[in-house]
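The values are calculated or read from the model by the stated rules, or taken from the named source; none is laboratory data. Keep in mind that what you see is a predicted model, and the values were worked out from it rather than measured. Reconstructed Cβ throughout: ideal geometry from the backbone, glycine too, with neighbour counts over all protein chains shown.
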Ligand code: SAM
């Protein structure tokens with residue numbers, strides 16, 4: 001497979017560092033009977049060790065040129081299901097086949113946020129996710145209020161999932177090396193009963209508006225959605241900026257507005 005020319009537009013950076021690959025597989029720690037789905041198997045850097053360890057795997061790969069290599073892996077293992085599709089069009093709930101699957105992958109960085117949001121849209125079908133992402137994205141996902149990188153991605157992810165950065169990966173672990181540092185992150189969707197958000201669409205709207213102009217106070221940034229009294233009633237200081245407001249306060253605010261609309 002080394003004759004495959006990496007396609008930049010598909011975010012193709014193939015892992016070749018055996019120690020890193022082993023660390024990722026150990027972090028995933030597949031257990032018998034689990035349904036594991038890999039996004040972007042590429043040339044099989046993670047696929048082959050996962051198959052060896054787990055015995056069966058479903059992979060979603062967009063690039064047709066990589067299908068012959070995946071077919072060879074399947075012929076050798078006999079337990080690889082290949083879905084040739086753009087992952088953003090895949091119905092994860094259907095793919096989970098009534099159970100909760102585990103999603104893994106060294107993701108194409110150019111669409112990593114859309115993949116995360118697509119997965120959260122199907123959170124009920126996903127037990128957990130282990131993804132290699134741009135380190136800067138992992139930092140934003142896990143950021144706490146007051147941090148420079150705390151923003152929309154932090155609030156949206158943390159409201160619906162538990163985010164745990166696991167370890168960093170240098171560019172040299174990939175061929176070709178990306179221009180950025182990478183990191184592996186574990187994302188565990190919150191159990192449906194423990195998600196406090198009542199109206200996901202309205203919540204997303206509030207968070208987007210709050211962070212749309214980071215320097216504005218919330219009173220101004222949220223003016224079309226919530227007045228100062230509503231903010232105060234939800235424990236949010238109208239003079240504060242979005243970057244200082246904790247996730248549960250955003251949840252309370254979204255819910256107060258949802259209640260008012262219903
Ligand atoms: N897992 C391999 C590895 O670690 O060496 C490849 C990882 S590479 C960073 C990302 C992979 O995602 C590539 O195989 C690429 O073709 C695939 N990919 C890119 N866009 C995709 C999409 N929209 N849907 C499914 N796969 C995609």
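Quick notes on this one:
- Segment 91-101, residues that are out of contact with any helix residue (DSSP H, G or I) (no Cβ under 7 Å at 6 or more places or on another chain) and buried (at least 18 other Cβ atoms within 10 Å of the Cβ): 95
- Residue within segment 249-260 that is on the phi < 0 side of the Ramachandran plot and assigned to a loop (DSSP other than H, G, I, E, B) present: no
- Only one of the numbered conditions (1) surrounded by 17 or more Cβ atoms within 10 Å (Cβ to Cβ); (2) over 26 Å from residue 170 (Cβ atoms) is violated by residue 81, and that is (1).
- Residue in segment 27-35 that is near the ligand (Cβ under 9 Å from one of its atoms), surrounded by 20 or more Cβ atoms within 10 Å (Cβ to Cβ) and either within 19 Å of the chain's Cα centre (by Cα) or modelled with pLDDT under 95 (or both) present: no
- Against the test of being surrounded by fewer than 20 Cβ atoms within 10 Å (Cβ to Cβ) and near the ligand (Cβ under 8 Å from one of its atoms), the options 66, 88, 46 yield a single qualifying residue, 88.
- If you check 201, 186 for being touching a residue at least 40 places away in the same chain (Cβ under 8 Å) and under 21 Å from residue 117 (Cβ atoms), only one passes: 186.
- Taking (1) over 23 Å from residue 197 (Cβ atoms); (2) within 16 Å of the chain's Cα centre (by Cα); (3) within 15 Å of the ligand (Cβ to nearest atom) in turn, residue 129 satisfies each apart from (1).
- Looking across segment 6-23, the residues that are more than 8 Å from the ligand (Cβ to nearest atom) and closer than 20 Å to residue 111 by Cβ come down to 6, 8, 9.
- All of (1) assigned to a strand (DSSP E or B); (2) crowded, with 18+ Cβ neighbours inside 10 Å hold for residue 167 with one exception: (2).
- Qualifying residue in segment 148-157 (condition: crowded, with 21+ Cβ neighbours inside 10 Å, out of contact with any strand residue (DSSP E or B) (no Cβ under 7 Å at 6 or more places or on another chain) and assigned to a loop (DSSP other than H, G, I, E, B)): yes
- Residue within segment 126-147 that is free of Cβ contacts under 8 Å to residues at least 12 places away in the same chain, surrounded by 20 or more Cβ atoms within 10 Å (Cβ to Cβ) and not in a helix (DSSP H, G or I) present: yes
- Residue ID - nearest to the chain's Cα centre (by Cα), chosen from residues in segment 90-111 that are part of a helix (DSSP H, G or I) and free of Cβ contacts under 8 Å to residues at least 60 places away in the same chain: 92
- Criterion: at pLDDT below 95 and exposed (fewer than 15 other Cβ atoms within 10 Å of the Cβ) - qualifying residue of 213, 162: 213
- Unique residue being surrounded by fewer than 20 Cβ atoms within 10 Å (Cβ to Cβ) and either free of Cβ contacts under 8 Å to residues at least 60 places away in the same chain or under 27 Å from residue 151 (Cα atoms) (or both) when the list is 6, 119, 71: 71
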